[in-house]
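A short write-up of the structure that comes next.
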Amino acid sequence: MQSYGDETRPLAALSLPSRIVIGVAACAIAVVVAIHVAMMFLHVAPSNTLSKQQGALISEYVYPEYEQNWKLFAPNPLQQNIAVQVRAQLRTEDGATRLTSWTDLTARDGRAILHNPLPSHTQQNQLRRGWELFLNTHNAQNRPIGARGELSERYIRRIVMLRMDAEWTKGGGRVEQIQVRSQTTAISPPPWSAEKISDKPMYRVLPWWQVTADDLPKGATNQ
């Protein structure tokens, strides 16, 4: 008869410090998973005493990375391509100012995803979800609605500076202000459809934002 007792020997053969490290790591992972599940449950569950008391904390954890919506399955799903574009006003080393051209961050994400069998969450969702959060927390005049509106602005600024700061300042100088806009283009209907849609892009241009030290990538300075 074959014995299966040997299967437990590798763990038992580990030294006591190794087993302690493994046990602590397993407990830490379990705690993190439990916190995540609890936060997501409180976010989607009907309003209750705990979610009301900790609403701000739950929102900060969920938005914008874990926010969910049903646009794919809605009666009128999205039929537009939305591209987020940025430009900057730079202060060069000789004290002059320079305005960069527009950079299409969405197009860059698209090229990174193309032919990539395992695109990252950042490439697929970071910019898109950040922009959706901005739209949902601002009015038509681009003014923030509540605390989440200000949070979304900070999030967009940090995404832009994380991706563009090194490129914009590689010749020296610093970024003083950034401007973000969206370009919305309707998706053309299929050949068999009689629907007529304009292919003219529409732009939503945000005001200039002053760049602060909090917006810069870790280790960068804005002097």
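Below is a table of values for the structure above.
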{"quantity": "Selection from the range 201-223 of residues that are within 21 Å of VAL84 (Cβ to Cβ), in contact with a strand residue (DSSP E or B) (Cβ under 8 Å, 6 or more places away or on another chain) and open to solvent by 30 Å² or more (accessible area, probe 1.4 Å)", "calculated": "PRO201, MET202, TYR203, ARG204, VAL205, PRO207, TRP208, GLN210"}
{"quantity": "Pairs with Cβ under 8 Å, 6+ apart, first in the range 31-43 and assigned to a helix (DSSP H, G or I), second among the aliphatic types (A, V, I, L, M)", "calculated": "MET39/ILE58; MET39/VAL62; MET40/VAL62; LEU42/LEU50; LEU42/ILE58; HIS43/ILE58; HIS43/VAL62"}
{"quantity": "Members of the range 167-196 found to be within 17 Å of ALA83 (Cβ to Cβ) and either assigned to a loop (DSSP other than H, G, I, E, B) or touching a Phe, Trp or Tyr at 6+ places or on another chain (Cβ under 9 Å) (or both), listed by number", "calculated": "ILE178, GLN179, VAL180, ARG181, SER182, GLN183, THR184, ILE187, SER188"}
{"quantity": "Matching residues, the range 94-130, being under 23 Å from GLU176 (Cβ atoms) and hydrophobic (A, V, I, L, M, F, W, C)", "calculated": "ALA96, LEU99, TRP102, LEU105, LEU127"}
{"quantity": "Leading residue by the ranking (modelled with the highest pLDDT) among those in the range 99-146 that are of a type in the set (A, V, I, L, M) and open to solvent by 80 Å² or more (accessible area, probe 1.4 Å)", "calculated": "LEU99"}
{"quantity": "Selection count where residues are part of a helix (DSSP H, G or I) and either under 25 Å from LEU90 (Cβ atoms) or in contact with a strand residue (DSSP E or B) (Cβ under 9 Å, 6 or more places away or on another chain) (or both), scope the range 133-161", "calculated": "15"}
{"quantity": "Hits in the range 156-183 (condition: hydroxyl-bearing (Ser, Thr, Tyr) and open to solvent by 30 Å² or more (accessible area, probe 1.4 Å))", "calculated": "THR169"}
{"quantity": "Given (1) under 21 Å from GLN126 (Cα atoms); (2) free of Cβ contacts under 8 Å to residues at least 24 places away in the same chain, number of the condition VAL180 does not satisfy", "calculated": "(2)"}
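The values are calculated or read from the model by the stated rules, or taken from the named source; none is laboratory data. Here the structure is a predicted model, which means the values were calculated and not measured. So basically every Cβ, Gly included, is an ideal-geometry build from the backbone, and we count neighbours across all protein chains shown. The accessibility values were calculated without ligands, DNA or RNA, using every heavy atom of the protein model including side chains. Shrake-Rupley method; radii C 1.70, N 1.55, O 1.52, S 1.80 Å.
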